[in-house]
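What follows draws every value from the coordinates through simple rules; no lab data is involved. Source: prediction; values computed, not measured. No Cβ is skipped: glycine too gets one built from the backbone with ideal geometry, and neighbour counts run over all protein chains shown.
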């Protein structure tokens, strides 16, 4: 899996992700093997209380243990341990393909400092979730922002901009997109990843829109504390489609 100078480092933040982490790691392994270049996979286990670390090791990933309970700090901890010259940050509930990995590598080798990709939620989704999905992808592209489930950048650019902003408990991918764009060319790929719609299935439309409205009204200060971000940091609800729990973020 790992050569002397791996050009690809997959960095996966994870909190209580035993249920979905395995399929994410299998997808990464298949994609990276198809690309045909050396790679490493780092799972940053952020104070999990389940078998997250064991699942990661069983799949051949390197495990970094932290107790941050903050997504930016968790991502940064993985990057500090990474040996590759390209970092791919993938959420523990997200499926990547060789097409998106190839496109990310091609973009960086053509001069981009980083980027994101299109994304879609897995099925089934409640009606309000379909609306969010239909609006989110073109909006992220219009604004030139990477989604939280998949962001890539060069090692050089990551450390040049200081990594993810550790004062943020949410929207860290948007802030990182903006600082990377100021550093160089930042691209949003047309290739897509598939991320879990479990939070949309586990929360009602009313709950979700209430949280979004509260964040809009609070402005930037709304993502500088855990309060109000229960959908990310609160008690994990079981996905009604799987019957299991699991969190992330």
| Taking Cα pairs under 8 Å and at least six residues apart, what relative contact order does the chain come out at, in percent? | 23
| In the set [x] -0.72; [y] -0.64; [z] -0.53, which value of log10 I(q)/I(0) by the Debye sum over Cα atoms at q = 0.11 Å⁻¹ was calculated from the structure you see? | [z]
| message | Quick check: from the Cα gyration tensor, does the stretch 88-168 come out rounded (a/c under 1.5), prolate or oblate? | response | prolate
| Among 118-126, 91-99, the order from most to least packed when residues are scored by Cβ within 10 Å on average | 91-99, 118-126
| Using only helices, what value at 222 nm comes out for the chain when you add -39,500 (n - 2.57) per DSSP H run of length 4 or more and divide by the total residues, to the nearest 500 deg cm²/dmol? | -12500 deg cm²/dmol
| So if we plug the beta-carbon distance of residue 167 and residue 241 into 1/(1 + (r/R0)^6) with R0 = 22 Å, what FRET efficiency do we get, rounded to 0.05? | 0.05
| note | Ordering 155-164, 19-28 by per-residue average of other C-beta atoms within 10 angstrom, highest first, gives 19-28, 155-164
| query | By count of other Cβ within 10 Å, fewest leading, how are 140, 128 ordered? | reply | 128, 140
| remark: Taking a ≥ b ≥ c as the square roots of the Cα gyration tensor eigenvalues, with a/c under 1.5 meaning rounded and otherwise prolate when a/b beats b/c or oblate if not, the stretch 42-149 comes out oblate
